[in-house]
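K.L.:
Below you'll find the structure I mean.
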Amino acid sequence: MLIKQKTILLEKETFIWIFIILVVVLVFMPFVTTFNDVLTRIVMSLDGYKVIQDYVVPWEVRMVGVILWPLGLKPGVVGEYLAIGGGPSTPFSRSGQSQLLVEIAWNCIGWQSLLFFVITSWVGLQGDRYTDLSKVKAWMIGFLGTFLVNLFRIAAVVLIAYAFGQSVAIVFHDYGSTLAVLAWLFFFWWFSYAYVLEEKGSLMGSVRST
């Protein structure tokens, strides 16, 4: 009974942290955007971004292109640039619409969402209530899921920019995509606590019963 109460408290603490992140993001969103710009300039001055820009970004751009390909946009990839459109009409574009060239910079690949995931993981997976194997499973699901959410987030920004213009895409990039990541974290932790994480006490009890 005591273990169950501790587990419930830990689950509540994890979701409380997600709520705190959500509130901070909503209240300080303009300042967060400014802070991201300042941090970007600092990292660029130290040349610390080149490894990500040269190796990680081109790989992610190709994966975003794969996501957009079934939509009929026929994306072309050149380094960190993604070219879409310019062909026959699709559900997202008109025939004869000019091609859009999008640069996916190193600071747009989702380091903020990774930071949110690390913070909630530090809270949600702390202690020895769960087996190490189930913790590893939950962490891998969360990491890979966050990575996939980032890919679809980038693809959505590119698609919105092509269909509705750059201004709408910027609003979605700064606000909508962040909310989408937080929604993913809510789902991930619910799923982990419900189906992935295994308590050590329950595992020992099942072994004894056999």
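K.L.:
If you take the residues in the stretch 44-54 that are within 19 Å of Q112 (Cα to Cα) and loosely packed, with under 15 Cβ neighbours inside 10 Å, which one is modelled with the lowest pLDDT?
P.N.:
G48
K.L.:
Continuing with this model, one more query. Yes or no: the stretch 59-75 includes at least one residue that is at pLDDT 80 or above and assigned to a strand (DSSP E or B).
P.N.:
No.
K.L.:
Now a separate question. In this structure, does S134 turn out to be of a type in the set (S, T, N, Q), within 24 Å of F19 (Cβ to Cβ) and in a helix (DSSP H, G or I)?
P.N.:
No: the conditions fail for S134.
K.L.:
Now, a different point. From V181, V158, grab the single residue that is modelled with pLDDT of 90 or more and buried (at least 16 other Cβ atoms within 10 Å of the Cβ).
P.N.:
Being modelled with pLDDT of 90 or more and buried (at least 16 other Cβ atoms within 10 Å of the Cβ) holds for just one of V181, V158, which is V158.
K.L.:
Can you tell me which condition V158 does not meet? The list is (1) in contact (Cβ under 8 Å) with a residue 60 or more places away in the chain; (2) farther than 30 Å from K74 by Cβ, and all the others hold.
P.N.:
Condition not satisfied by V158: (2).
K.L.:
Okay, moving on. Among the candidates F152, F143, F117, which residue alone is within 28 Å of V102 (Cβ to Cβ), touching a Gly at 6+ places or on another chain (Cβ under 7 Å) and touching a residue at least 24 places away in the same chain (Cβ under 8 Å)?
P.N.:
F117
The values are calculated or read from the model by the stated rules, or taken from the named source; none is laboratory data. Just so it is clear, the structure is predicted and the values come from calculations on it, not from any experiment. So basically every Cβ, Gly included, is an ideal-geometry build from the backbone, and we count neighbours across all protein chains shown.
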